[in-house]
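Report on the structure given below.
The values are calculated or read from the model by the stated rules, or taken from the named source; none is laboratory data. Keep in mind that this is a model prediction, so the values were computed, not measured. Reconstructed Cβ throughout: ideal geometry from the backbone, glycine too, with neighbour counts over all protein chains shown. The accessibility values were calculated without ligands, DNA or RNA, using every heavy atom of the protein model including side chains. Shrake-Rupley method; radii C 1.70, N 1.55, O 1.52, S 1.80 Å.
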Amino acid sequence: AEMLKEELASYASSGVYYDFGNVTAKSFGGQTYYLMPLVLNDSVYQNMYIRVIDDIVIVVTLTTADKANFTNLEAMFS
């Protein structure tokens, strides 16, 4: 999660900036992921669900204009 956070923060010089929330663990789709909530350019909410399996990194990104929608979005994948 920290490596992804650093990568996304590097986009600020091109006008794409993120506000990062605290990384927590979350069960999603029957698996445990690290959940990194973000706000993109003060208007778009994203939850990034990160899981590492051996040398593979899986990142599922859910995006919405209203962060209240995350419950419904997560339900689609559970």
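When the residues of region 19-78 are filtered to those that are assigned to a helix (DSSP H, G or I) and of a type in the set (Phe, Trp, Tyr), which remaining residue is most open to solvent (accessible area, probe 1.4 Å)? Don't jump to the end; show me each part of the working.
Residues of region 19-78 assigned to a helix (DSSP H, G or I): 67-77.
Next cut, of a type in the set (Phe, Trp, Tyr) only: 70, 77.
Details: PHE70: 20, PHE77: 113 Å².
Within region 19-78, the match that is most open to solvent (accessible area, probe 1.4 Å) is PHE77.
Only residues in region 12-24 that are more than 10 Å from LEU40 (Cα to Cα) count as the first member; pair them with residues that are among the small types (Gly, Ala, Ser) and surrounded by 10 or more Cβ atoms within 10 Å (Cβ to Cβ), Cβ under 8 angstrom, at least 6 apart or cross-chain, and list the lot.
Every condition considered, the pairs that remain are VAL23/ALA1.
Can you pull out the residues in region 1-18 that are assigned to a loop (DSSP other than H, G, I, E, B) and within 17 Å of THR63 (Cα to Cα)? Reasoning before the result, please.
Taking region 1-18 and keeping what is assigned to a loop (DSSP other than H, G, I, E, B), we get 1, 15-17.
VAL16, TYR17 - these are the residues of region 1-18 that are assigned to a loop (DSSP other than H, G, I, E, B) and within 17 Å of THR63 (Cα to Cα).
What pairs come up if the first residue lies in region 57-78 and is without any contact (Cβ under 8 Å) to a residue 60 or more places away in the chain, the second is assigned to a helix (DSSP H, G or I) and open to solvent by less than 90 Å² (accessible area, probe 1.4 Å), and their beta carbons are under 8 Å apart, counting only those six or more places apart or on different chains?
VAL59/LEU4; LEU62/PHE70; LEU62/LEU73; LEU62/GLU74; THR64/PHE70; THR64/LEU73
Residue-wise test of (1) under 14 Å from LEU4 (Cβ atoms); (2) modelled with pLDDT under 95; (3) within 11 Å of the chain's Cα centre (by Cα).
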position: TYR17; (1), (2), (3): no, yes, no
position: THR24; (1), (2), (3): no, no, yes
position: SER27; (1), (2), (3): no, yes, no
position: GLN31; (1), (2), (3): no, yes, no
position: SER43; (1), (2), (3): no, yes, no
position: ILE53; (1), (2), (3): no, yes, no
position: THR61; (1), (2), (3): yes, yes, yes
position: ALA75; (1), (2), (3): no, yes, no
